[in-house]
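Student: First, the structure itself, so that you have it in front of you.
The values are calculated or read from the model by the stated rules, or taken from the named source; none is laboratory data. Because the structure is predicted, anything quoted here is derived from the model rather than measured. Note that each Cβ is placed from the backbone with ideal geometry, even for glycine, and that neighbours are counted across all protein chains shown.
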Amino acid sequence: MTSDSHVPGTDEGPNGVHSSADKSELPVLVGIGASAGGLEALEHFFDHMPTDTGLSFVVIQHLSPDFKSLMNELLARHTQMKIYRAEDGMAIEPNCIYLITPKIMLSVENRKLVVTEQSQGLNLPIDAFFSSLAAQQDYRSVAVVLSGTGSDGSRGVVDIRDAGGVVAIQAAESAGFDGMPRSALRTGAAHIVAPAWELPQEILRAVENSDAEPDTDISVRETEAISHPMDVIVRLFLERYDIDFSQYRDCTIQRRIERRMQLVRKHSLGDYIELLHEDESELEQLYRDLLVEVTQFFRDLQAFKRLEQDVIPDLVRRAIAERDDIRVWVAGCATGEEAYSIAMLIDKQVRESEAPVSIKVFATDVHQNSLEAASTGVFQADSIQHLPEPLRKRYFTQHGSLFRISSELRKLVIFAPHNLISDPPFTRLDFISCRNVLIYLKPEMQRRVLSLFHFGLRVGGYLLLGSCESLGDLAREFNVVDQHWRVFKKLRNVRLGGIAPSTMRAPLSSTLLPPVQPTLAPTRRFSRENRNPLFDSLIHRLVPPSVVVNEQLEILYTFGDAGKYFVQPEGRSTLEVLRMVHGDLRMALSAALHRANREDTRVALQGIRSADGNTLLTVTVDPIKQQSEPVMLVTIKEEPDPRPTAAEAAEQFGAVEEGRARIVDLERELEFKTESLQTTVEELESSNEELQSTNEELVASNEELQSTNEELHSVNEELYTVNAEHQRKIDELTVLTADMDNLIRSTEIATIFLDRQLQIRRFTPAITQAFNIIEQDIGRSIEQFAYHFEGPGWIDEVKAVIESGISVQTELHSQDGSTTYLKQVSPFRTLEGEIDGVVITFTDVTAVTRAADLEKRGEHLERVNHDLQDFEYAVSKDMKAPMRHLRKVVAELSEQQGNSDATERMRDSVADLDRMFSELLKFSRVNTQGEAKILVSLDEIVDKVVDGFQATILAKNATIDASPLPKLVADPEQLMMVVWHLVDNALKYADAPPKLEISAVEGDSDWVMAFRDYGIGIEPEHLEEIFVMFRRLDRRQDVSGQGSGLAFCRRIAERHQAKIWAEANDDVGTTFYLRWPKHDSA
């Protein structure tokens, strides 16, 4: 029931004000705050809230001022409680729901609602109502925070808690938007945390336990007593490890807890919870048990072979073609064996391809200690005993009894803490492995995690699950690569349900031992793509050892045998030329480079002793100008002759003189740098003052933006609420439209909808019986189409219905006369009752018409048959008196004239005629004077008939054989008459000693009896004639009879809904068949 303005009665004191002397008599008032995603949560809440609790409910939402809320209609489908829209002064009654309306703030005073308008700034309607609720209701108040973004409600729940009321918060994991629940949870005011569908029972339990005014200082243990013991353990893990086990399967958690209880010899769950509070190591042990860390290298070897044969080659080929890296995520990696196994396979195939493909394997888990163990890359010997020997040699080094992952492989794997339940996924992934993790989660969380995997994968990316895990209803989004080992391939990018926004940290906000990525100064590379091989060979043979360096003194290119003098130092690799030479050569090269760079001229230094001290060297530095950046060519030659040639006049290198000159240069350079630094400092001080001023302005702007952001959040929540309501209506309309479409497609009644201009709106497929129209004809006038029925004035009839609004029915026929239609023209009315067209239906009533005709004919035949029976009866009865008179006349005539041939023939004829009328009278009485039908044994009837014919049977040496016969529902006398006539005929019409065989065959609903004789037989063309009254074939003149016996048999059979017929035997004689129903249907 819903209402927009109903004000229920109140139980008030004088002047409508409640007495505050005893607030314990006040009914409990429940305030419910919800925003984005709150509609679904409210539906779950009221689905599970009984209607007769005595509680009152006020729902506070963030509503858009520009749209009408449909919340009352939507909630009415989920509760039988009365629902009202809040109005100022409305009294609050038990077992009722009150909804806030747009653009108002609600509060409560003396059990009445107080309505005020919202201000122009930031409004927090949930906080405002909770605060007034706490002030008015004290501990008889309940605050419920459901799905929503922002922090509205987090201040009000503190007031409720301080007043002694109950604070219930929807579990963040079950909320569509978890901003409001998490903000409320951070206050520490929550007494109950549960999914929306569990909150009602928890609230009722808490209210029942708070009849006496409670202490406002609720301890942790008292709070835990409100919740289920299992929830207490889940909360301990949430507080200690930031892991929410509420999404794990209850049976899994219970089994692990029971196992730990047995090990520590605790017999009750309460005692074990006490131990968890006191013993940190036991909590850690239970934590490890719940994570179920079972892993090894290449676990399920066949699954890894499938990856090696089909999946990884495809990843490598695609990475080479797209010039991209390979990104892999191993979720739930434990101590890293599976992550390293996958990294080995990928690295092996990348090496074989000889392509420069980068590999990144993200290995994540929620257990920090496991991640730390995995990141060290050290394993026991038994851990790698199943590894193939080539992989063991390639990727492991042995240190005593331990084996260490090679540094090259270690750099490919990045270990990081990550929670599948709460953290966002990695993206742009080529492969995800998550084996034997989903089986421990609840179904709804499994779907959410799978949706996150789908989101993180690229199109064509692969997903590997455990052998007992499945994709559920997301299977349509993946192609099956291997069903047995659960290898799937993503088909497309599509947004899936179940991924709700939340306050998630970045996937790699914390990593363990990440590989160092060196950064190099931007340089211009020299290309060798277009170089001639001969040219390279000549350079190597003729050019002395040389290098090209940039302004940062980094090597860009080398010529000749440069490796003879330029050697990488130990440790981290470098391109700095001065770090790659040593001794006098380093000092000379440093001096030459600085002079050449400063003076922009060629510098050559001689007499430099090599590192081995056996050779003197000449170092030449030539500056080279380029458009992109200046470079310098460094050439090193050995001195074959201590005297320099004229072409290569060079200074003799003196270490002392050059050192002194270098010191002077450095002192001058230092002085210049000091002056420049002082100037820079002064400029920075000035800039700092400007930045401080700018920062103050930015802080002020940031505060304004935060306020604006809060307002935008509120508006966004309002729009989301309106959108959710509209979406729900759209879903209902979609279902309704689908129902209508299916109804139209499935109905066999030809129906067409026309507007006021007689244009086609819609029609059912059966309308093609009446008109030649197709789907594309919608919108065209019906007057343009031919029709298949008689009735030229039907268009005028349709127009008359539009004008009058009165329906019209007409019976008409198709043009070929084969079909009869009942045409009905009804006005099409809008919701406002206006006539906006017509609905025309053509109902095929041909079968009904024919049935009516048949019924009339049947009634006529029944009357004729009745009249015929009356006639037979009347004739046979009325002729009795004339026959008696005729017999008397014949007798008198015989006395007068004596017995002569004429009088004898006359007497015989009168006797025959008398017998005929007697038979006719009996025939007419078969249906009217028969006995009641009962269950009769046909065996007994046959026996009686045969006993009656014993004299004839003995005289003619006849044989009658009867197999077991059934019991039939029949008039015993009439059934005996049928058998008597059939036996009599068999005995009369036979040349040799008569023989009769009687048998019966059972059908589904009847019995078929056969009376086979071996007499003179009947020609096939006379088989029906013998059942006509008084019709004899006269084949045996010596046999007396009237020809009425078989007619009697047929009449009796018809009375019993049975059937009798005759068939000529192939050899001699005739078989009479009698089909008799098993049950009487009369």
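Student: With buried (at least 23 other Cβ atoms within 10 Å of the Cβ), touching a Ser or Thr at 6+ places or on another chain (Cβ under 6 Å), assigned by TED's automatic domain parsing to the domain that holds GLN136 and assigned to a helix (DSSP H, G or I) as the only criterion, which of ALA36, ALA41 stands out?
Tutor: From the options ALA36, ALA41, the qualifying one is ALA41.
Student: Any residue that is surrounded by 13 or more Cβ atoms within 10 Å (Cβ to Cβ), modelled with pLDDT under 85 and either in a loop (DSSP other than H, G, I, E, B) or of a type in the set (A, V, I, L, M, F, W, C) (or both) - is there at least one of those in region 844-854?
Tutor: Yes: one or more hits.
Okay, residues lined up against (1) over 13 Å from PHE842 (Cβ atoms); (2) of a type in the set (D, E, K, R):
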{"site": "THR751", "(1), (2)": "no, no"}
{"site": "LEU754", "(1), (2)": "yes, no"}
{"site": "GLY779", "(1), (2)": "yes, no"}
{"site": "GLN784", "(1), (2)": "yes, no"}
{"site": "HIS788", "(1), (2)": "no, no"}
{"site": "GLU803", "(1), (2)": "yes, yes"}
{"site": "SER807", "(1), (2)": "yes, no"}
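Student: Could I ask something else about it? Would you check which residues across region 320-358 are of a type in the set (A, V, I, L, M, F, W, C) and assigned to a helix (DSSP H, G or I) and list them?
Tutor: Within region 320-358, ILE320, ALA321, ALA339, ILE342, ALA343, MET344, LEU345, ILE346, VAL350 meet the criteria.
Student: Still on this structure, I have one more. Could you list, in sequence order, all residues of region 1057-1082 that are polar (S, T, N, Q) and modelled with pLDDT of 85 or more?
Tutor: Taking region 1057-1082 and keeping what is polar (S, T, N, Q), we get 1057, 1065, 1070-1071, 1081.
The answer is GLN1057, ASN1065, THR1070, THR1071.
Student: Search region 1044-1082 for residues being of a type in the set (D, E, K, R) and either in a strand (DSSP E or B) or closer than 14 Å to VAL983 by Cα (or both), and hand back the single one that is nearest to the chain's Cα centre (by Cα). Can you show your working first?
Tutor: Of all residues in region 1044-1082, those of a type in the set (D, E, K, R) come to 1050-1051, 1054-1055, 1059, 1063, 1066-1067, 1075, 1078, 1080.
With either in a strand (DSSP E or B) or closer than 14 Å to VAL983 by Cα (or both) added as a condition, the list becomes 1059, 1063, 1075.
Details: LYS1059: 61, GLU1063: 68, ARG1075: 59 Å.
Residue satisfying both the conditions and the ranking: ARG1075.
Student: Every residue in region 115-138 that is in contact with a strand residue (DSSP E or B) (Cβ under 8 Å, 6 or more places away or on another chain) and within 19 Å of ARG205 (Cα to Cα), please.
Tutor: GLN137, the sole residue that qualifies.
Student: If you don't mind, another one. Just to verify a result, which residue in region 1002-1056, among those that are of a type outside the set (D, E, K, R) and on the phi > 0 side of the Ramachandran plot, is modelled with the highest pLDDT?
Tutor: So the residue we want is GLY1017.
Student: Sticking with this one: Has region 924-934 got any residue that is modelled with pLDDT under 90, among the hydroxyl-bearing types (Ser, Thr, Tyr) and either within 60 Å of the chain's Cα centre (by Cα) or closer than 22 Å to LYS1059 by Cβ (or both)?
Tutor: Scanning region 924-934 turns up at least one residue that is modelled with pLDDT under 90, among the hydroxyl-bearing types (Ser, Thr, Tyr) and either within 60 Å of the chain's Cα centre (by Cα) or closer than 22 Å to LYS1059 by Cβ (or both).
Student: If you scan region 756-770, which residues turn out to be buried (at least 16 other Cβ atoms within 10 Å of the Cβ) and in a loop (DSSP other than H, G, I, E, B)?
Tutor: LEU758, THR764, ALA770, listed by residue number.
Student: With the structure loaded, tell me whether VAL437 is of a type in the set (Val, Ile, Thr) and closer than 28 Å to ALA321 by Cα or whether it fails that test. Working first, answer last.
Tutor: Working: of a type in the set (Val, Ile, Thr): yes; closer than 28 Å to ALA321 by Cα: no.
Answer is no for this residue.
Student: Filter region 63-86 for residues that are in a loop (DSSP other than H, G, I, E, B) and touching a His at 6+ places or on another chain (Cβ under 9 Å); which is farthest from LEU146 (Cα to Cα)?
Tutor: Residue satisfying both the conditions and the ranking: PHE67.
Residue-wise test of (1) closer than 23 Å to LEU542 by Cα; (2) out of contact with any Cys (no Cβ under 8 Å at 6 or more places or on another chain); (3) of a type in the set (A, V, I, L, M); (4) without any contact (Cβ under 8 Å) to a residue 60 or more places away in the chain.
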{"residue": "GLY563", "(1), (2), (3), (4)": "yes, yes, no, yes"}
{"residue": "LEU578", "(1), (2), (3), (4)": "no, yes, yes, yes"}
{"residue": "LEU605", "(1), (2), (3), (4)": "yes, yes, yes, yes"}
{"residue": "THR635", "(1), (2), (3), (4)": "yes, yes, no, no"}
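Student: Which pairs have Cβ atoms under 6 Å, sit 6 or more apart or on different chains, and link a residue in region 375-398 that is assigned by TED's automatic domain parsing to the domain that holds LEU412 and among the small types (Gly, Ala, Ser) to one that is part of a loop (DSSP other than H, G, I, E, B) and surrounded by fewer than 12 Cβ atoms within 10 Å (Cβ to Cβ)?
Tutor: Within 6 Å, the pairs are ALA381/SER401.
Student: Give me the pairs: first residue in region 837-861 and more than 28 Å from GLN757 (Cβ to Cβ), second residue modelled with pLDDT of 80 or more and of a type in the set (A, V, I, L, M, F, W, C), beta-carbon distance under 7 Å, and six or more apart or on different chains, which are they?
Tutor: Partner pairs satisfying both residue conditions: VAL845/LEU822.
Student: Considering only region 414-495, give the strands (runs of 3 or more DSSP E) lying wholly within it that have at least 1 residues that are hydrophobic (A, V, I, L, M, F, W, C), assigned by TED's automatic domain parsing to the domain that holds PRO313 and without any contact (Cβ under 8 Å) to a residue 24 or more places away in the chain.
Tutor: Of the strands (runs of 3 or more DSSP E) lying wholly inside region 414-495, those with at least 1 residues that are hydrophobic (A, V, I, L, M, F, W, C), assigned by TED's automatic domain parsing to the domain that holds PRO313 and without any contact (Cβ under 8 Å) to a residue 24 or more places away in the chain span 478-482.
Student: While we're here: Within the set of pairs 6+ apart or on separate chains, which have a first residue in region 138-152 that is without any contact (Cβ under 8 Å) to a residue 60 or more places away in the chain, a second that is part of a strand (DSSP E or B) and surrounded by fewer than 24 Cβ atoms within 10 Å (Cβ to Cβ), and C-beta atoms under 8 Å apart?
Tutor: Note: no pairs meet the criteria.
Student: Here is a list of conditions, (1) in a helix (DSSP H, G or I); (2) modelled with pLDDT under 90, and VAL316 meets all of them except one; can you say which number that is?
Tutor: Failed condition: (2).
Student: Kindly evaluate PHE753 against the criterion of being more than 35 Å from the chain's Cα centre (by Cα), among the hydrophobic types (A, V, I, L, M, F, W, C) and either in the same structural domain as THR819 (by TED's automatic domain parsing) or modelled with pLDDT of 80 or more (or both).
Tutor: Yes: the conditions hold for PHE753.
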